[in-house]
Every structure is written in structure tokens, then in C-alpha cells.
Amino acid sequence: MSDQPRQTAILQCSFCNRECEHEVHYAGRILAHAKCSACGTVMQQSPNVLRKAYIKDLEHRAATKPLRLVRRILSDPGYLFTGLPKAIRRQPKKFVEEAKELRDPNKHPDA
Amino acid sequence: MKKPRQHTGRTAVVLAAGSGTRLGAGANKVWLPLGGRELATWSFQWLAQTELFDRFVIVVHPNEREDARAILKRHVTVDVDIVDGGKSRHDSETRALEYLAPSIESGDCRLVLIHDGARPLAAPALVRRIVDAAEECGGSLPYLDTAHITGAQPEQRLVRVQTPQVFAAEPLLDAYRRAARDGFEGSDTSMCMEQYRPDIAVKVVKGSAQNLKVTYPQDLVMAEHILAAQSFSLK
Ligand SMILES: [Zn+2]
């Protein structure tokens, strides 16, 4: 469930206080913004803070990737032949999607 | 089959069913990403790290059973039994305890920890303190004195109860069976114990502000920062 940059979940809105569905957007592993389906309020990190957090996390992802890959293959050897080639092909698109999430949602409401 | 564990007589239960009345697949916050994996899986990371438990259970929404199985296989290093949740938190607890009833009645399971899956940052040190206290007197739960956050005067202080909460298994099962007969629903584990087994002493231990419950979107941001600041490894 966690590989998509856009997810929905029931959270409480700090503006209208309703517990309702929120659209949650991620830039990689970092939450970029979340929109309340009831009142439309967008909770977002400041673009500067988000970019810094994203870059720091990207470094951490790169550093830990070999270990995570080994763990994944040990728990599911079939991943080496099925999941991994697909994941490699997806990488360029994935990074473009992540970069889109770094944009300010108020300036790019379609993001 | 994952790493076999030494017998300790303790079971950890993580409640991840959400509120069954309004949930559909994909809408449960415990499956949102946090630090590159699903939020609910972090609890098993810390619980397993303590090596205090020989059995792990997750209570999930019936619609999410298969997704939960795949996620746990990918991210959790211990075997986890999956139990279908009920309409409320209390109902989910009852189902978990009935699932464990044979091992509780045989004496194999002595102590049960119940934890809210929306609290992904209950660190191993906190878990150990709560388990030690429950071993000593039968029950234990963490609290957070919010005075340092709100600046309130001592007489106005609010004390917030957190999870995990740990209780002797047999009285806990007994309390939930009695509650089921009466139609009683407590908002948390300690409330049901207080109602039906007041003979079991409960020791309160100091909780942690870090052990936050993901309620608002900004809680996810906070949890991300806490994990990243500690290199995704809580002590
Ligand atoms: Zn709202």
C-alpha cells in the first residue's frame, strides 16, 4: 500500500476538526501535503523544509538501498527476477513523480 | 516461517483495525507510509527488538487481511498472527483475547501487551519499563503528564494515558468475557480491567511524548522527523 505518491486515509482535520478522508501526498518517503476532503484545507510543509528533508532522506535511501535490497531478496527470492527488473524500469518515472510533489500545492493545485 | 523465538509467556497484540464502521480498504491510517514502510509495521520492529515476546498478533479490518499479510511479510522480522477486528476497539480486543484464549487457559501465555497500531513510536525502552512493571504487580500502563506541554498549574494538570498497556493474561481474558456478557465497552484496556478486575493492581509508568498517536496529518510529519532524527532506530 505504500509505494504510491498519493494515498487516502481517515485522519482528523485540524481546521474543521472532522475525522474524514484526507488525500496524502508523498515526495519519496516524506509527507509533502495532506488535503481534507470535508473542508479542502491543505496541511503542507514549507517548501524549503520539505526540499531539505527530501534531499536528506534521498541520501539515506541511497546509502541503505543495498542492504534493503538484500533483505528484500532474502525474504522473497522471486523478487530478484520479477519485482526488481520492474522496479528498475520504474525509477526514472518515480523520481519525476517525487519531484512534482515538492512543488507548492497552492501554486500547482493539480499536483 | 521467520526466526523462532524463545518461550517467554508474553504475547504482544497490535490493534490496527481502525474504526470498522466506516472503513474501506486503503482508508486506514495505520497503512499509510511512514519512513518508507507502513506505519503499523514499526510497532513490531520495536516490540521484536525487546525480545520480551514469543508471540505477536495484529488485529486488522477483515477487508485488509491479505494486504496486511503481504506487508508484514515484507517488513516484519517475526511471525505475526492475523485476527479479524470488530466494530470497535473494545470488540477488536475481545476478538484478540478469544483468539489467545487456548494459550491463556493452558498457562502458556501469562502476560498480554495491547498496543494501538496508530502509535508507531513506542520505543523498546518504554516497552521494557511497562512489561517490568506488569510482571511486578499484574498490570501497567504509560501516562503522559501534559503540564510541561501546556504549562498548566499542578491542580489543572491533564494526564493522558497511552499504550502499550500490559496485563496478566488470565484476569484480562476474564474481564473481557464479563464485559461481553454485560455489553460493556471500555475506551481502552485499563478501563475494562478497572471495571471488572479491580483486584489487579495497575502500576503507571512515565510514558513518552515521542510515543504519539497519529491523529492529524501533522502527526505523520512529526513522526517522520522523530524517526529520521534517530536514524530510523529507536532505543
Ligand atoms: Zn477539514
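Could you grab the Rg to Rh ratio for the protein assembly as shown? Cα atoms only, Kirkwood for Rh. Before the final figure, lay out the partial values.
Details: Rg = 20.7 Å, Rh = 21.3 Å.
Result: Rg/Rh = 0.97.
Database remark: amide H of B:Asp81 closer than 5 angstrom to the amide H of B:Phe56, B:Val57, B:Ile58 (H placed geometrically; neighbours at sequence offset of 5 or more, or on other chains; Pro and chain starts carry no H).
Estimated from the Cβ-Cβ distance and a Förster radius of 35 angstrom, the FRET efficiency linking B:Ser233 and B:Arg178 is about 0.25. Take every Cα pair under 8 Å whose residues are at least 6 apart in sequence, average their separation, divide by the length of chain B, and the relative contact order is 23 percent. 3J(HN,Hα) along the stretch A:4-20: 8, x, 10, 9, 10, 7, 7, 9, 9, 7, 7, 9, 8, 6, 7, 8, 8 Hz, from the Karplus curve 6.51 cos²θ - 1.76 cosθ + 1.60 with θ = phi - 60°, whole Hz, x for Gly and Pro.
Can you bin the stretch B:10-230 into rounded, prolate or oblate? Criterion: square roots of the alpha carbon gyration tensor eigenvalues sorted a ≥ b ≥ c, rounded for a/c under 1.5, prolate for a/b above b/c, oblate for the rest. Rounded shape, in that the Cα axes give a/c under 1.5. Our coupling estimate for the stretch B:100-105, obtained by passing each phi through the Karplus curve with A = 6.51, B = -1.76, C = 1.60 and θ = phi - 60°, is 8, 3, x, 6, 6, 5 Hz, Gly and Pro reported as x.
Among the lysines, which have Cα under 21 Å from the Cα of B:Lys206 when same-chain residues fewer than 8 positions away are ignored? Result set, ordered by chain and number: B:Lys235.
Taken one residue at a time, the phi angles of the stretch B:164-179 give Karplus couplings (6.51, -1.76, 1.60, θ = phi - 60°) of x, 10, 10, 9, 4, 5, 5, x, 5, 4, 4, 4, 6, 5, 5, 4 Hz. Gly and Pro are set to x. Residues whose amide H lies under 5 Å from that of B:Leu212, counting only those 5 or more places away or on a different chain, are B:Leu121; hydrogens are built 1.01 Å from N in the peptide plane. Please tell me which of these pairs span more than 20 angstrom C-alpha to C-alpha: A:Lys65/A:Lys94; A:Lys52/A:Lys100; A:Lys35/B:Lys29; A:Lys65/B:Lys213; A:Lys35/B:Lys73; A:Lys35/A:Lys86? The answer is A:Lys65/B:Lys213; A:Lys35/B:Lys73; A:Lys35/A:Lys86.
Values quoted throughout were computed directly from the atomic coordinates according to the rules given, and no laboratory measurement underlies them. Remember, it's a predicted structure, so these values are computed and weren't measured experimentally. Cβ sites come from the backbone with ideal geometry, for glycine too, and all protein chains shown count toward neighbours.
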